[in-house]
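Read the structure below first, then the notes.
The values are calculated or read from the model by the stated rules, or taken from the named source; none is laboratory data. Owing to the predicted nature of the structure, the values given are computational and were not obtained by experimental measurement. Neighbour counts run over all protein chains shown; Cβ positions are idealised from the backbone, glycine included. For the accessible areas, the whole protein counts, side chains as well, though only heavy atoms, and no ligand, DNA or RNA atoms are used. Shrake-Rupley method; radii C 1.70, N 1.55, O 1.52, S 1.80 Å.
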Amino acid sequence: MIRPENENANSAEGAPYEAVPVPPEAMADPALGAVAAEAGALEPEHVPALSDDGPDDGSPAKGSADRRRRWLIAGAISIVVALGAVAAAFVLGARPLPEAYRYLPADSAFVIEVRPELPGDQRANLGSFLAPFPGFADQSRLTDKLDEAFDRLVRAASAGDVDYATQVKPLLAGPLVAGVPADALGSMAGGDGSARGLVVATTSDGTTCETIFGATTSLESHRGVSIQGIGDMGACAIDARFLLVGDVASVKAGLDAQRDHSGLDTRTSFTSTRARLDSNQLVIGYVDGSALGDLAGTLGTTLGIGSTADGTMPAWLVAGLRVDGDALILDVQTEGHPAADLGSGVPTEAPASESAFASILPSNTVGLAEVHGAGASLQRLIAQLQAQPSGALGGDQLQAALGVLSGTSGLTTGIEDVGVAVFAGDAPGGAILVRSKDELTATAQYTQIRNLLALASVGTDITLRDTDHGGVQITTVDLGNLGTLIGGLGLPTDVPVGDASASFSMAVDGTILIVGLGDGTVERILDVSAGSGLAASPVYRRLMELTGSSGNLQGFVAVDAVLGLIEQGALTDTDLEAYRRDMKPYLDHLAGAGVTSTDSSTGGRIRLVIVVK
């Protein structure tokens, strides 16, 4: 050990240091003395020459052996120190599991965690997210403004019977968790009317059952804690800074779990699943898959419809809600599933991929939903239906229906992605988009559909018209009077349609077949130039950045544009006035929403994001 000559001296001011001689008992161990000398902890004159047989005689063999032994010991110590530093960084940097989980029994199957104290970066991020909304521009008053908003919500929800400041806010001092065991859900689904479950809140100092719920009655003492009755609501207990609320049996079970160290915090399957969520969260939800399957079975038996949930439920599902600057992010993750072997000729599951449609759609697209790998997924669905006796008929019928369009195999193997888009503007419209594996396949599908429509038009009011638009052939199909068409198809004609008519157009752009609804829809898509489409929109780009640009399913909604359409024509004058007064000042700041879903043998994930302007 090294110490300064003057223990009060400041080394930064150049105070001298001296080496302290090693005590004789330490020198009895040659390895310790050698490592100390090698590390510079001892002055050379305090380290005698050491060897296994006595003083070093200076021979090369003895000197080399000593040096090797010294370096091995020093290396081992360095590795231990490095591992310790890594472990310390992991522990100090990890997000600790809230202590409230110690009170939830380990068999809790449905769990929710709320973080009203805004952990980690969530306070700053929530402030950024709320800043555009009325009243939240001053970040220094964020807590006060949140209190005001919660107070209004609580008073409105309780018709003024609950006071936020005295009855709710004391329970928001830290994490709040709630859990319901699987058998309790089963009994409720079975119709016996029982309700079990436990809510554990981290309270502020001085909180009692009486301050939260008013008058209580003393029921009993359990594990040194007084359990109070709160009328028809069940039971309440205070243990240190934790308030437990539930039925009496659940409160007792919570106290037992904490005292016996058998809470949900000891269940590895839960803690490891919860840890899969990124960063800090405002709300976390967890569902045990086996319990969900049992619940589905109980419900099926109760309703007399049986259950097909056996073996289809994931082992777990976890969801988290958090804020990231200008975005509100909901993550849902599930256990991966083994890929089903459906025999030869059936394709494997389609991998996640990026959108092929966003770059060709106009920037005023207000909604887009797409399925990637649709052809392979459809083939797998048919094979799965046909493999089940109860679903074979459905699979055969679906295959026969698709066979009309060039045969099931030809159609589904040619399709890569399918999308549906909706447009705003002076001429609202929509489009169905189908991407094929190559241009030849896309053109063949267009030709087959056109020929089928030409055949169907014989003897009807349906007409086909081909036009050229910048070298691309567009086929417009006029279906004629809707009333006549509906009657001809044998469909109910209860709804009067008057003289309304319907038409659509279709064309091929490279590998993409476009079917447009509305005047000029196909032309608007064909006229989109590189770098000017939806993919270049700042809102769309931001959403894809946060949701993940690659997925099996993707969706996009321009919230501001949709709200504008609703305001223009979907509300009565009275409702419009109330909307503009009470809701528009807040909704005006929403920009868009996006969702991306991926599913594979390694795990499934759905991420929903809402961004503000």
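How high is the FRET efficiency from E335 to K437, r the C-beta distance, R0 41 Å, rounded to 0.05? Before the final figure, lay out each step's value.
Working: r = 32 Å, r/R0 = 0.78.
Efficiency, rounded to the nearest 0.05: 0.80.
Once the Cβ-Cβ distance between D527 and A149 is put in as r, and R0 is 41 Å, what FRET efficiency do you end up with, to the nearest 0.05?
Numbers: r = 46 Å, r/R0 = 1.12.
Efficiency for this residue pair is about 0.35.
How would you classify the stretch 111-243 from its alpha-carbon gyration tensor, with a ≥ b ≥ c the square roots of the eigenvalues: rounded for a/c under 1.5, else prolate if a/b is greater than b/c, otherwise oblate?
On the way: a/c = 1.99, a/b = 1.70, b/c = 1.17.
Taking the square roots of the gyration eigenvalues as a ≥ b ≥ c, the stretch 111-243 is prolate.
Within the set of other residues whose C-beta is less than 12 Å from the C-beta of L526, count the net charge using Lys and Arg as +1 and Asp and Glu as -1. Write out the running numbers ahead of the final one.
Values: positive: R524; negative: D468, D509, E523, D527.
Charge balance in the 12 Å sphere: -3.
Straight-line reach only, C-alpha to C-alpha below 16 angstrom: list the lysines that K145 could link to, leaving out same-chain residues fewer than 8 apart.
K169
Using label points projected 7 Å from each Cα along Cα→Cβ, tell me how many nm separate D575 and A444, to one decimal.
Result: 4.9 nm between the two label points.
For E567 and D205, what is the calculated FRET efficiency with R₀ set at 41 Å and r taken between the beta-carbons, to the nearest 0.05? List each step's numbers first, then the result.
Values: r = 48 Å, r/R0 = 1.18.
For E567 and D205, the calculated efficiency is 0.25.
Gain in length, S218 to I112, computed as 0.36 nm per residue apart minus the alpha-carbon separation, to one decimal in nm? Show your work: numbers first, answer last.
Details: separation 106, 0.36 × 106 = 38.16 nm, distance 2.85 nm.
My answer for the length gained is 35.3 nm.
Taking amide hydrogens as modeled 1.01 Å from N in the peptide plane, which residues meet the under 5 Å criterion relative to D509, leaving out close sequence neighbours?
Correct list: I514.
Under a 1.4 Å probe, what is the accessible area of the stretch 498-613 per residue, stated in Å²? If you can, show how the numbers build up before the last one.
On the way: 5580 Å² over 116 residues.
With all protein chains present, the stretch 498-613 gives 48 Å² per residue.
Subtracting the Cα-Cα distance from 0.36 nm times the residue separation, let me have the gained length for L452 to N481 in nm, one decimal. Could the numbers behind the result be given before it?
Details: separation 29, 0.36 × 29 = 10.44 nm, distance 1.99 nm.
Taking L452 through N481 to full extension adds about 8.4 nm, to one decimal.
Given the Cα-Cα distance of D161 and D519 and 0.36 nm per residue of separation, how much length would full extension add, in nm? Walk me through the numbers before you get to the answer.
Working: separation 358, 0.36 × 358 = 128.88 nm, distance 5.58 nm.
Residue separation times 0.36 nm, minus the Cα-Cα distance, leaves 123.3 nm.
Compute, for S221, the solvent-accessible surface of its heavy atoms (probe 1.4 Å) with the complete set of protein chains present, and express it in square angstrom to the nearest 10.
Number for this one is 80 Å².
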